[in-house]
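**Q** Please see the structure below; I have some questions.
Just so you know, all these numbers are worked out from the coordinates, no wet-lab data involved. Treat the numbers as computed from the prediction; the structure is a model and nothing was measured.
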Amino acid sequence: MKLPPILTGHATALLALALLPTAALAQQGQGQNNNVTPGTAGVENGLKGFWECVTPTGRFVVRLDQISSVSQHVYIIDGGARVYEVTVSTTGPMVARYYFIEPITAGSNLSLGQATVERLRGVANKAGGRVGIDTERDVVKTPNTTHAKTAEYRLVVKENLDRIYNHVHKVWAEERGRGEKNKITIRDN
């Protein structure tokens, strides 16, 4: 797009800054289910014979006849965090993991202490901010773990795990692909 001569230099920069919120709002509305409110999930028709889960950080699509199991469980890692997880296993090499992590609080018998947890969270947030990492949502992997062939989605609203599990269980185990509402869109903020 060619701009008039008056819109050059500083004027162009100011115009771009003024239009930025409008462009962001327009882009935000694209591809999102408008019936979905924050911290909830929207269910809609998807590809026949498939299950699809869309999250703010990605999407997972699998043929229904290739889902081998779904599970929902809770575990403790390194004595400092409780992980709530939903796993969708397939007959192929891919597994989908949806999880929510919470620090073990001072009231727990496995506690690091709330002050330590908050300090660690603060350090992580400060370091993450410097390099553009969202420490509340981004998946963190260490090289010595076996997460190859695993699609991981970290959620910030714990209740969304129940929504995902209930949806995949219904579409796969109860309806056996005969239902139409086989796509779930998670609003996780």
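**Q** For region 171-183, in order, what is each residue's ³J(HN,Hα) by Karplus, 6.51 cos²θ - 1.76 cosθ + 1.60 with θ = phi - 60°, in whole Hz (x at glycine and Pro)?
**A** Couplings: 5, 7, 8, 8, 7, 6, x, 7, x, 9, 8, 9, 10 Hz.
**Q** Residues with amide H under 5 Å of E152's amide H, sequence separation 5 or more or different chain, H placed in the peptide plane at 1.01 Å from N; which?
**A** R97
**Q** Next question. Around G46, which amide H atoms from residues at least 5 apart in sequence, or from another chain, sit under 5 Å from its own amide H, with H modelled in the peptide plane?
**A** N182, K183
**Q** Which whole-Hz ³J(HN,Hα) couplings does region 155-162 yield from phi under the Karplus relation 6.51 cos²θ - 1.76 cosθ + 1.60, θ = phi - 60°, glycine and proline marked x?
**A** Along region 155-162, the couplings run 9, 9, 10, 4, 4, 5, 5, 4 Hz.
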